[in-house]
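Worksheet for the structure shown next.
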């Protein structure tokens, strides 16, 4: 009898909580940016709940990422984690190439180039000229107890996502001009952080965010380094060390987000771990490290290269 009462009480509390949430969210659900987000994804994605999933993800990104990192990711087996990359993954992008995306002055479309992203989610990639850009609190950093600073370094790209973030997160999101976006990228590059373009199954055939990832906080980097989950695709480059110029200072090893460098008499790069991000290049005081094109590491996320392929 007591168990039945407890069950009824729990169900009642659950229903009350749901109603309170619906009451609190009613205006957010009716906001123009919410409807534009849902409409952009079409009736199919509304019916299969992908559009609702996108609302939940963008509305509570920090909580979503925290739940994923702390409770879901550690408990899933490798195959389940690997399958998850089909819906949520990133591409490491060099500083030069990500700047080219921000300064793009004409639309670019690339179809069925699986070397750029070896996942099915973003098989068609569309880049819009002069995209709207907002800076948002990095959910990975923001959910850590002692995050790296600054935290407002995630860049959401293009409508309807930018409108949604500005309307639903006005205190933690700000619009960026092209100059401000380039300056943010420059500052993060100088801090030794990795540029990455991120895709979800909600991305409307394009990427939706540029992340500036630190190895201390980034969930994608942690998933790769700790669990071996291929959450990030390599840039298409590999770091090469000129041993005659290397002083074995070890700065590159400390800076490398992917634990790909060992140092004895000189720095040595582990091919299988190197993602070609270029962080070691920017941190080397003697300029002994360069990025070299490596076809086995995929095709770079390069606007100029993509334009060549498309035409």
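Data for the structure
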read-out: Shape box of the stretch 120-193 [Cα atoms, principal axes, largest first, Å]; value: 37, 31, 29
read-out: Spin-label pair residue 167/residue 247, simplified geometry with 7 Å Cα→Cβ offset, distance in nm; value: 5.5 nm
read-out: Three principal axis lengths of the stretch 237-293 [C-alpha, angstrom, descending]; value: 23, 19, 16
read-out: Largest-first principal axis extents of the Cα set of the stretch 147-283 (Å); value: 54, 29, 25
read-out: Relative packing of peptides 183-196, 93-106, 287-300 - highest average C-beta neighbours within 10 Å first; value: 183-196, 93-106, 287-300
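All of the numbers you see were taken from the coordinates with simple rules; none came from a lab. The structure displayed is predicted, hence computed values, not measured ones. A quick note on method: Cβ atoms are made from the backbone with ideal geometry, for glycine too, and the neighbour counts reach across all protein chains shown.
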